[in-house]
1. Condition first: buried (at least 17 other Cβ atoms within 10 Å of the Cβ), at pLDDT below 95, assigned to a loop (DSSP other than H, G, I, E, B) and touching a helix residue (DSSP H, G or I) at 6+ places or on another chain (Cβ under 7 Å). Can you find one or more residues in the stretch 137-147 that meet it?
2. When the stretch 231-246 is examined, which residues are found to be at negative phi and more than 16 Å from the chain's Cα centre (by Cα)?
3. Being at pLDDT 95 or above and not in a helix (DSSP H, G or I) is the requirement here; does residue 221 meet it?
4. Among 53, 48, which is the only one that is within 24 Å of residue 211 (Cβ to Cβ), part of a loop (DSSP other than H, G, I, E, B) and without any contact (Cβ under 8 Å) to a residue 40 or more places away in the chain?
5. Being assigned to a loop (DSSP other than H, G, I, E, B) and out of contact with any helix residue (DSSP H, G or I) (no Cβ under 6 Å at 6 or more places or on another chain) is the filter here, so list the residues in the stretch 175-189 that pass it.
6. If I go through the stretch 17-45 residue by residue, how many of them are under 18 Å from residue 63 (Cα atoms), modelled with pLDDT of 95 or more and in a loop (DSSP other than H, G, I, E, B)?
7. Select, from 172, 157, the only residue that is touching a helix residue (DSSP H, G or I) at 6+ places or on another chain (Cβ under 8 Å), over 27 Å from residue 4 (Cα atoms), at pLDDT 95 or above and surrounded by 20 or more Cβ atoms within 10 Å (Cβ to Cβ).
């Protein structure tokens, strides 16, 4: 299926590995010019070099840290400079905060977690969405977690921050739906990424683990012309692992 987005531009945060890279790869395969960021220059350069080719020099790799609102805003600004115009597509993404429970997590750990997984999303949207509204077309897809539907007991910081981001995204979707801009989030379960291996010490046992490439195709579809009437959704991509009804 031709998703109708060839020639568009996309900013994919934390796109040098894992689900961010899978999303960037799927978009590039559809002819989208992609800018990704990461904190390690060599890793970013390697990721950009591996993206499907759209045209000479089309894809851009940027060294940026989106764990703070300032870094998140700076990433979108750098993408705008690189492409000569604000991106048509924004995929927000960031690593997760450390694991922990209510008892083991100190109060001062919440502020950086909120900056990483909530305020960075708000900042990137503030930087990118107004230009989408002005053009009458735009796509925002946030990579969050299935934990916003079914909290994970040992990830209290992530549960809290990503639930807040989901509320923000749902509200934003309602405000911009008349401007040709859609806002959705994708809720990954367990996928074969470095993050999963770190959390589980490399042992996934009998867990249901997905392929990041399959996840990326879901993100790309939500950015498509065909998904123009899909907005305000929080779509689980978890292999049926979540047992919640809603």
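1. Among the residues of the stretch 137-147, at least one is buried (at least 17 other Cβ atoms within 10 Å of the Cβ), at pLDDT below 95, assigned to a loop (DSSP other than H, G, I, E, B) and touching a helix residue (DSSP H, G or I) at 6+ places or on another chain (Cβ under 7 Å), which makes the answer yes.
2. Here is the first cut: in the stretch 231-246, the ones at negative phi are 231, 233-238, 241-246.
The answer is 241, 242, 243, 244, 245, 246.
3. Criteria not met by residue 221.
4. Going through 53, 48 in turn, just one is within 24 Å of residue 211 (Cβ to Cβ), part of a loop (DSSP other than H, G, I, E, B) and without any contact (Cβ under 8 Å) to a residue 40 or more places away in the chain: 53.
5. 180
6. Result for the stretch 17-45: 2.
7. Answer to the check: 157.
For (1) within 17 Å of the chain's Cα centre (by Cα); (2) farther than 28 Å from residue 173 by Cβ; (3) surrounded by fewer than 21 Cβ atoms within 10 Å (Cβ to Cβ), each residue gets a yes or a no:
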site	(1), (2), (3)
53	no, yes, yes
66	yes, no, no
73	yes, no, yes
81	no, no, yes
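The values are calculated or read from the model by the stated rules, or taken from the named source; none is laboratory data. Please read all numbers here as calculations on a predicted model, not as lab measurements. Cβ coordinates were reconstructed from backbone atoms using ideal geometry, including for glycine residues, and neighbour counts include every protein chain displayed.
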